[in-house]
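Just below is one structure, and these are the notes that go with it.
The values are calculated or read from the model by the stated rules, or taken from the named source; none is laboratory data. All values derive from a computational prediction rather than experimental measurement. Glycine also receives a Cβ, built like all others from the backbone with ideal geometry; neighbour counts cover every protein chain displayed. Areas reflect the complete protein model, heavy atoms only, side chains present, ligands, DNA and RNA absent. Shrake-Rupley method; radii C 1.70, N 1.55, O 1.52, S 1.80 Å.
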Amino acid sequence: MTLLSKEKISPRRLRDTLAATLCALLMFLLLGWEAPAQEPAPEHGLVVTPLAELLEEAEKNNPQIEAARQGWQAANQVSTQVSTLPDPQFTLQQFSVGSPRPFAGYTNSNFAYIGLGVSQDLPYPGKLKLRGEIAKRDADVSQQQVESVRRAVLAEVKAAYFQLSYLSKTLGILEQDGELLRQVEQAADARYRSGMGAQQDVLQAQLQKTKLVREIAMHHLEVGKLEAQLKQFLNRPQDSPDIEPAGLAETPLLQTYDELFAAAIAQNPELASAQKMIEKQSLQVDLARKDFYPDFSVQYMWQRTDPTQFRAYYMLSFGVRVPIYRGRKQKPELAEAQSEELRARSVFEAQSQQLASELSVQYVVAQQTTELLKIHREGLSPQARSAFQAGLAAYQSNKQDFQAVLTSFLDVLHLDEEYWQNLAGYETAIARLEQITGLSLR
């Protein structure tokens, strides 16, 4: 029960009370809602975790990055395997006559003998080297995939961190809005009880307050989702303490588009991976041509008959594996390799176009958002505050209705929220540019 319901207040005293309340609101706005700062203080007294620490932790602990690293390590072991000669084959022979018993004596027949031999397959010269080079290109592709996964994970960490920082900032703003709306509601209620205002003003103030509560709840929901994503990227347990982000600060983009594009061409892992695939498929074509030539085998055998009557036998054999089914095997193999090479070149071209497009999009986002932030700081925010101040003065003089004051007040609040949202989007665009180019832009 308020004092207004207990006693009758004169119109002059009521006007003085309303003027004092609205002046307090104005002072709060002037002191607490100045131009958006670049380094907001930590909310709720939690310990702030710098972005650099999270990026370092993600590089060490993220399972996607570790899986890509292990894949690269495995691919590095293939080259020596495929470029090495096939294992030799050792042979033990025993030949007996007149007796099924293994290793029957030489006395049973003059033809009985024991033999030892070794054989070695010899691929056509150059095949093993080509297979090793192809495996090395596969390892190079895996290495580029490690860098690609690393950059993608770090970019996701940055994006989630910036969004979390934006939500943390706007949560503080919305909580302050609740107090302001409560005071505005009290002022509208006082005017209504005095007969100078309409009940609709009170209901509108209460509706805005309820909307604010809903928006705070939605922000808490989004914060919970982002916390879960960050913990996943960092490989932390989901029940671990939440992460408190540092405040958002605008990172100046000093590089031109041409400089960023040159860095992307030189350092982008997806593009490098596509280039390595072209090299691999070119080597695969050379190997397919080599398969038109025969492979060889050599065998050496020692045979021992009755040493009292015969001398030992020594036999050298040389074999050739002739590719006689060229029309059904080697020619289709060559056609397949040539088609794969053309496909790899098309993939590289498509990757180049996609890279240029993505780089252009993120660069435009960064450039235009910089202009939007400047418009907010130098135009929209000051103009909205001036409009609110003028409306407040008119409301004090009974020259303006409550709806106009409430609208101008909400304009100030929404523009501040929009500023921080745009700043988070700008920092996310910078993170994407870092992902594409490999540059450190911060």
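Identify, please: which residue in the range 220-247 is among the basic types (Lys, Arg) and closer than 18 Å to residue 47 by Cβ and is, among those, surrounded by the most Cβ atoms within 10 Å (Cβ to Cβ)?
As a first pass, look at the range 220-247 and keep what is among the basic types (Lys, Arg): 225, 231, 236.
Among the residues that remain, those that are also closer than 18 Å to residue 47 by Cβ are: 231, 236.
On the way: 231: 18, 236: 15.
Here the answer is 231.
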Does residue 408 fit the bill of being among the small types (Gly, Ala, Ser), part of a helix (DSSP H, G or I) and more than 19 Å from residue 205 (Cα to Cα)?
-> no
Residues (in contact (Cβ under 8 Å) with a residue 60 or more places away in the chain, β-branched (Val, Ile, Thr) and open to solvent by 50 Å² or more (accessible area, probe 1.4 Å)) located in the range 328-381 = 347, 365
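Taking the range 46-86 on its own, how many of its residues are among the basic types (Lys, Arg) and either surrounded by fewer than 16 Cβ atoms within 10 Å (Cβ to Cβ) or not in a helix (DSSP H, G or I) (or both)? Full working, then the answer.
Of the range 46-86, the ones among the basic types (Lys, Arg) are 60, 69.
Now drop any that are not either surrounded by fewer than 16 Cβ atoms within 10 Å (Cβ to Cβ) or not in a helix (DSSP H, G or I) (or both), which leaves 60.
The total comes to 1.
Please work out which residue is most open to solvent (accessible area, probe 1.4 Å), limiting yourself to the range 152-177 and to residues that are small (Gly, Ala, Ser) and more than 19 Å from residue 410 (Cα to Cα). Don't jump to the end; show me each part of the working.
Kept after step one, since they are small (Gly, Ala, Ser), are these residues of the range 152-177: 152, 155, 159-160, 165, 168, 172.
Now narrow it down to the ones that are more than 19 Å from residue 410 (Cα to Cα): 152, 155, 159-160, 165, 168.
Values: 152: 37, 155: 2, 159: 19, 160: 5, 165: 7, 168: 20 Å².
Here the residue is 152.
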Looking only at the range 248-269, count how many residues are open to solvent by less than 40 Å² (accessible area, probe 1.4 Å) and either part of a loop (DSSP other than H, G, I, E, B) or within 26 Å of residue 174 (Cβ to Cβ) (or both).
-> 4
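Scanning for something without any contact (Cβ under 8 Å) to a residue 60 or more places away in the chain, open to solvent by 20 Å² or more (accessible area, probe 1.4 Å) and outside any strand (DSSP E or B), does the range 278-287 turn up at least one residue?
Let us first name the residues in the range 278-287 that are without any contact (Cβ under 8 Å) to a residue 60 or more places away in the chain, namely 282, 285.
Now drop any that are not open to solvent by 20 Å² or more (accessible area, probe 1.4 Å), which leaves 282.
Subsequent filtering for residues that are outside any strand (DSSP E or B) retains 282.
Yes, some residue in the range 278-287 is without any contact (Cβ under 8 Å) to a residue 60 or more places away in the chain, open to solvent by 20 Å² or more (accessible area, probe 1.4 Å) and outside any strand (DSSP E or B).
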How many residues does the range 121-144 contain that are touching a Pro at 6+ places or on another chain (Cβ under 9 Å) and open to solvent by 40 Å² or more (accessible area, probe 1.4 Å)?
-> 6
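So, of the residues in the range 104-129 that are among the hydrophobic types (A, V, I, L, M, F, W, C) and part of a loop (DSSP other than H, G, I, E, B), which turns out to be modelled with the highest pLDDT? Write out each step before concluding.
Applying the first criterion (among the hydrophobic types (A, V, I, L, M, F, W, C)) to the range 104-129 yields 104, 111-112, 114, 116, 118, 122, 128.
Subsequent filtering for residues that are part of a loop (DSSP other than H, G, I, E, B) retains 104, 111-112.
Working: 104: 66, 111: 75, 112: 79.
The qualifying residue modelled with the highest pLDDT is 112.
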Can residue 303 be described as open to solvent by 60 Å² or more (accessible area, probe 1.4 Å) and within 30 Å of residue 92 (Cα to Cα)?
-> no
Could you give me the residue pairs with C-beta distances under 6 Å whose first residue belongs to the range 228-244 and is over 17 Å from residue 52 (Cβ atoms), whose second residue is open to solvent by 80 Å² or more (accessible area, probe 1.4 Å) and assigned to a loop (DSSP other than H, G, I, E, B) wherever it lies, and which are 6+ apart or on separate chains?
-> 231/238
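Report, by residue number, each residue of the range 306-327 that is open to solvent by less than 50 Å² (accessible area, probe 1.4 Å), farther than 27 Å from residue 125 by Cβ and touching a strand residue (DSSP E or B) at 6+ places or on another chain (Cβ under 7 Å). Break it down into steps so the answer makes sense when it comes.
Start the filter on the range 306-327 by keeping residues that are open to solvent by less than 50 Å² (accessible area, probe 1.4 Å), which leaves 306, 312, 317, 319, 323.
Remaining after also requiring farther than 27 Å from residue 125 by Cβ: 306, 312.
Result: 312, single match.
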Residue 335, sole failed condition from (1) in contact with a Gly (Cβ under 8 Å, 6 or more places away or on another chain); (2) small (Gly, Ala, Ser); (3) over 30 Å from residue 96 (Cα atoms) = (1)
